[in-house]
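Structure record follows, encoded as structure tokens.
Values quoted throughout were computed directly from the atomic coordinates according to the rules given, and no laboratory measurement underlies them. Everything numeric in this text was worked out from a predicted model, so none of it was measured. Because the Cβ atoms are built from the backbone with ideal geometry, glycine has one as well, and the counts that use them run over all protein chains shown.
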Amino acid sequence: MLLTLKNTGQLLVAACSKVARSLAKYHPRVNHHRHCVWCSKRGLTTGGTAQKQDILFHLCQQRHFLSGETLTCTSLVQGCHNLGPLGVELKRNLVAQWWNSVVVYREQVLGIDTLHHLSTPSSAPEKPLLAICTQHLKELPRDQLVKWLEDPAGKLEFLRHELLYGALLEYVPSMELLNKKMPFGLAEIGKCFHSIPEERNKGTILPRIGERTVASLVWFSSPKSSGQWQDYWLRQRLQWWQKFAQSPSGFSCNDIQDGQGRKSSLIQYEFPWGRETIETLCNMDDSALFQMHPGCTTKLQARDGRKSVVPHVVWVSGDLDRGILAYLSDALQQTEAPAVRGQYHQREVLKLHPTLAPIKVAVDMGKGPTGELRLVCQGLSSELREQGVYVWPGYQETLHGSLEQLYTKYDKMGVLFTVLVSESTLENGLLQVRSRDTTLKETIHVSKVKDFLVRYIAAAGNL
């Protein structure tokens, strides 16, 4: 007799519960960390904050930063949305900045890339998400499936909640690579998975799964200096988040303690709907390594001067998807647009930091012979792309409005500069470059535009 999908789902839920009970003693600091991440301080929004929230969600969908049937603060925080083309570029820029800051510019941090699933129950989280092929289960006879699920912890694989597990597994080979010298760190960026809270799962057989992109640094140091390293990384990480913000005060730090009095630090951002945790830092002493590698004390020892000791672990875990939301919220500004027929109105501008802005330059054309202007736009765009500049080909659009409408659209997309090629460009080589941040228009010769823009974008990386 073959199982129905519903019966299969019921058995899987029972199996998950059994695995969760068998793994309930996994390191409490991981569970405490996860509780800190998902517990936010959301309160009632005032009229002004509610309006900004609605404007933010509308802009993100309209300009294809985020996509989804319905965007709410809950669905965004829980990882139930997709990224549009501009959101993908923003994320790519944020990931690159994180990797440069944590790995490329440091001597003691190595990059790793571990599996999405965990194959050993000793490394599984408290409430595991099973990685299962339902088609395979549907084809199994009932008695065989029941027997297979009697001991799920030994036969199933689990989707990871955090990147910590992979770093702890890679500790020993990485330590050997560095000649067992401390301190050092292991960094990784990857997808992690979590169950959606029960109230969002009504009417479903299996729990819904949310996902997020996590940037993790696991730092191994001597026991006597681990507290100092925790404070060091907290300063570094808070400064890093504030570096790209229009209003750095939106990012703040909050210290909490677990049941045993050990301190963890939360880096949070004040969204229109309330405060959310962007990154967590905690000192996990040496118990995390011992639980991942039981009975291997000698193998875990690293050099601290002339001594060999088992290091303490400082764990930094950031949610880059929430980071994207934070920077979008921070960048959204409303300015007074020029009067149209005597009427003033508010205009939204997305003032993303130049290094994070998904589109650096938009190339468009004004009045003049369309074919010749398009050739100039294509040539200029190619030169900029060869320099690694992301260019928006506005000249390919067939529907053209006024220049003010054009600038309004690009301001909402966060475009740094708009280059306007017109009939005068064909006559004397001059074109117009408009800045998003100042709205000033500058006339520059076409032969100098590339160097001007590339210099500005490169210099922005040092801001």
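Quick notes
- Calculated FRET efficiency for the pair Glu176/Lys263, C-beta based, R₀ 45 Å, to 0.05: 0.90
- Using 0.36 nm per residue and subtracting the Cα-Cα separation, the extra length available between Gln236 and Lys299 on full extension is 19.6 nm.
- Mean projected area of the convex hull spanned by the Cα atoms of segment 343-431, taken over all viewing directions: 6.6 nm².
- Those chymotrypsin sites (Phe, Trp or Tyr not before Pro) in segment 328-427 that DSSP places in a loop and that have at most 13 other beta carbons within 10 Å: Tyr344
- Here the 3J(HN,Hα) profile of segment 166-176, calculated from phi with Karplus coefficients 6.51, -1.76 and 1.60 at θ = phi - 60°, is x, 5, 5, 5, 8, 4, 5, x, 5, 4, 4 Hz, Gly and Pro shown as x.
- Whole-angstrom Cα spans of segment 227-324 along principal axes, big to small: 50, 29, 24
- Packing, taken as the mean count of other beta carbons within 10 Å per residue, orders the peptides 254-263, 209-218, 311-320 from highest to lowest as 311-320, 209-218, 254-263.
- The ranking of Val309, Val361 from fewest to most other beta carbons within 10 Å of each one's beta carbon is Val309, Val361.
- A simple spin-label model places pseudo-atoms 7 Å from Cα toward Cβ; at Thr439 and Ile209 they are separated by 4.8 nm.
- Förster radius 25 Å - calculated FRET efficiency between His64 and Lys367, Cβ distance, rounded to 0.05: 0.30
- Gln333 paired with Leu115, simple spin-label distance in nm, labels 7 Å along Cα-to-beta-carbon: 4.9 nm
- The convex hull drawn around the Cα atoms of segment 234-279, when projected onto a plane and averaged over every direction, covers 3.6 nm².
- Distance-filtered residues of segment 273-300 - backbone nitrogen under 12 Å, label point 7 angstrom along Ser247 Cα→Cβ: 273-274
- Relative to the current alpha-carbon distance between Val104 and Lys450, full extension at 0.36 nm per residue lengthens the span by 121.8 nm.
- Mean Cβ neighbour count within 10 Å, used as a protection proxy, ranking 285-294, 82-91, 265-274 highest first: 265-274, 82-91, 285-294
- Cβ-derived FRET efficiency at R0 51 Å, Val309 paired with Arg347, nearest 0.05: 0.30
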